[in-house]
Amino acid sequence: MSEASQNVYTEVLECFHSNETTFRPIQGLFRMYLMPMTYLFGICANTINILVFSHPKMRSQLVNWFFFVLSISDLSVLLSSFFVFSLPVIAEYSENYELVTESPRLLVWFYPLAHTSHTTSVYLTILVSVHRYLGVCHPFLIRRISSTHTVKMVLLGAVIFAVSFNIPRWFELQNAGCFSEFYLMMSEVVLPTNFMMNSTYTIVYRNVAFIVVMFLIPFITLTIVNCRIISTLRDSNKLRRAMTYKTKSREFSSKVKRYDKRLGSDVSYMNGVKSGEVIACQQANSERKEHGVTVMLVAIVTEFLIFNALAFANNILELYSEQSVASDYYTALVETSTLMVNLNGATTIVIYLAFGSKYRSIFVKMFSKVARKFRRQRTLCNVNETSVLVVTSQVEFDMRRGSTCKLKGASPQRKYL
C-alpha cells in the first residue's frame, strides 16, 4: 500500500453504528416509543388548531391571530424534533444502512429549525399573554393601539427575532464521512464544528444568552403577567357578583312597587324592563366569552411554565456542574424535559377545547361536516355496490336465458321479441 493511500485511510473517521454503543437504553425508550407518539398526536392536534383558528369567525378576534401562528410554530417544533431526536435512534435500532446514512444529513438541517421554531413559540406565548394582560387590565389602552395591522407586525417581529437569534445554530453541526465498522462501508456521522467547540461562544451564546433569552425573560414575564391577570379576574368576579346581587334586589323591589301602584297596567314599562334584560344578557354573554379566552390563556401559560421548568433546571445544572452531565440520572432528566417541552406544544388542543367556547363550537361544526360527507360517501358506495350486484345478476340471468334458447334451437332475439 502506498504512502498516499495510507494517509487517506488514516484521515477517515471510524464510527460504530450500533444502538448499544450510540445511544443509552433510556434514550431508546424515550426517543423510539414515547416521543413519536407525542409527535403524532401533536401534529394532528396542531393541524386541527390551524384549521379552526383560520376560520373567518375566529380571525375576527385579534387574540386568535396569536393562537393561529402559535399553532404553526408548535407544528414546526414537533416536525423538526422528530428528525433531531427520534429518527437517529430509529435508524440505529432498525439497522437500515440507507436510513442510518440519511438521518445525520436531516439532523443537521432540522436542528436549527427546531431551535428557531421553539424560540418563536416561546415569544408568541409571551406576546399573547401581554396582549391579554392589556385587554384585561388596560382595556381602553388596548382598544387604541390594537388593530389587525399592529398584530401582524408584532407577529412578524417575533418571527424575525427568533430567526435572528438562532442564526448561529446553523454553524454548530456538520456531516462527516466515516467508515462504519458495523456495516463495513462508508457512512456519515454528525460532528460539532470548531465554531461550536469555541469556549467563548459556548459561554456567551450557548449558556448565558440561551438561558436569559429562552428561560429568564419568558419565566419572569409570564409569571408577572399571569399573576396580574389572575388577580384582576378575581377582583372582577367579586365585583360582578356584588353588582349582580344589588341589581337583582333593586329590580325586584322596583317591580313590586310599580306593580302595587299601577296594578300591572303599564305595558311600556314592562317592555322597557324586558329590553333592558336582553341588553344585560348580551353584555353578560360577551363578558363571559372574554372571560373564557382569558382563562384559556392563563391555562396555556401555566402549562408552559410547568412543562418548561425542568428544562430550565437542566440548563442551570449543566452550567454549574459539568460532572453530572455524563451521568445516567442527568440523561434521564434531559429526556424527560425534552418530552415535556414537546407535550407542551402537542396538548394545547385540550386547553382550547376545555376553555374556548367559540373554538369548541367551530371544532364540532367542522367535524360534523366531515362526518356527514363520510356518511354520504359510504352511502353512495353501498348504493353503487348494490347496483353492480343487480346489474351483474341481470346479465347472468340474460346469459343463462340465451344459452337455454340456443339449446332449444330458437334465436334469442326472436325469443325476446
* Taking the Cβ-Cβ separation of K152 and E98 as r and a Förster radius of 35 Å, what is the calculated FRET efficiency to the nearest 0.05? -> 0.20
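Cross-link list K57/K238; K57/K373; K238/K358; K57/K369: which exceed 19 angstrom alpha carbon to alpha carbon?
Pairs exceeding the cut-off: K57/K238; K57/K373; K238/K358.
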* Collect residues whose amide H, placed 1.01 Å from N in the peptide plane, falls under 5 Å from the amide H of S187; neighbours closer than 5 in sequence don't count. => C178, F179, S180
* To do: Go through 306-316, 54-64 and give me the packing order, highest mean Cβ count within 10 Å leading.
  => 306-316, 54-64
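With r as the distance between the Cβ atoms of R24 and F140 and R0 = 56 Å, compute the FRET efficiency 1/(1 + (r/R0)^6) and round to 0.05.
0.50
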* Determine, for each peptide in 119-128, 161-170, 347-356, the mean count of other beta carbons within 10 angstrom over its residues, then list the peptides with the highest first. => 119-128, 347-356, 161-170
* **Neighbourhood net charge (14 Å Cβ-Cβ; Lys/Arg +1, Asp/Glu -1) for R228** => +1
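Rule-based calculations on the coordinates, nothing more; no lab input. What you see is a predicted model; the values in this text were computed from it and never measured. Here the Cβ is made from the backbone with ideal geometry for all residues, glycine too, and neighbour counts use every protein chain on show.
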